[in-house]
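Everything below concerns the one structure shown next.
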Amino acid sequence: AGHVIQVVSATSTTRAAITSSSFTAFDLNCDITPKFSTSKILIHLQSGFNSEAADRRIDATIYRTISGGSATELSGQTNGFQTMDHSGNRNEGAFSIHYVDSPSTTTSTNYKLYGRSVDSATIEIPSSSTQMQSIVLMEIAQ
């Protein structure tokens, strides 16, 4: 118990601009097939963001999909895992999300970055097409 069984990772530089106030999928995602249904999945995700202008808020979260089923938001919070809010000038920066999930499955499980523009104004993730985003999934034995 407590040791790493497997590690998988993915990267992306695909930049997307959205205006939706609903959580919208971005390109960054990774699949893992847990070896044991009791395992935990430790998620490390990092990306950048660009508010494009002043007085905008960006929320970011992770959704999980098991075997192509329905996507489930993992934080259980209205604003997701991260909120980037700035009342001054345009805001560019980086954020990270770290979370331990219990998918209770041994079938293919996908973890994907989602974001939204709370103000329905244009936001971008990542902040440029040269910025690397990454997600690392670690299966931890229980």
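The values are calculated or read from the model by the stated rules, or taken from the named source; none is laboratory data. For clarity, every value in this text was computed on a predicted model and none was experimentally measured. Here the Cβ positions follow ideal geometry from the backbone for every residue, glycine too, while neighbour counts run over all protein chains shown. Heavy atoms of the whole protein, side chains included, go into the accessibility calculation; ligands, DNA and RNA do not. Shrake-Rupley method; radii C 1.70, N 1.55, O 1.52, S 1.80 Å.
Reported to two decimal places, what Rg/Rh ratio describes the chain when computed on Cα atoms with Rh from the Kirkwood expression? Please list the in-between numbers first.
Numbers: Rg = 15.5 Å, Rh = 15.4 Å.
Radius of gyration over Kirkwood radius for the chain works out to 1.00.
Please work out the average accessible area per residue across region 67-138, using the 1.4 Å probe convention, and give it in Å².
Solvent-accessible surface per residue comes out at 48 Å².
For region 36-77 and region 82-112, compute the distance between their C-alpha centroids and round to whole Å.
Cα centroid to Cα centroid, the span is 4 Å.
Let me check against my output: what whole-number percent is the relative contact order of the chain, with C-alpha pairs under 8 Å and at least 6 apart? Intermediate results must be reported in sequence, preceding the final value.
Numbers: 402 pairs, mean separation 69.0, N = 142.
The normalised contact order for the chain reaches 49 percent.
Could you look at the chain and say what percent of its accessible area is carbon and sulfur, using a 1.4 Å probe and all protein chains?
Its accessible area is 44 percent carbon and sulfur atoms.
Near Ile32, within a Cβ-to-Cβ distance under 14 Å, what is the net charge of the other residues, with Lys and Arg +1 and Asp and Glu -1?
Working: positive: Lys35, Lys40, Arg64, Lys112; negative: Asp31, Asp101, Glu139.
Once positives and negatives cancel, what remains is +1.
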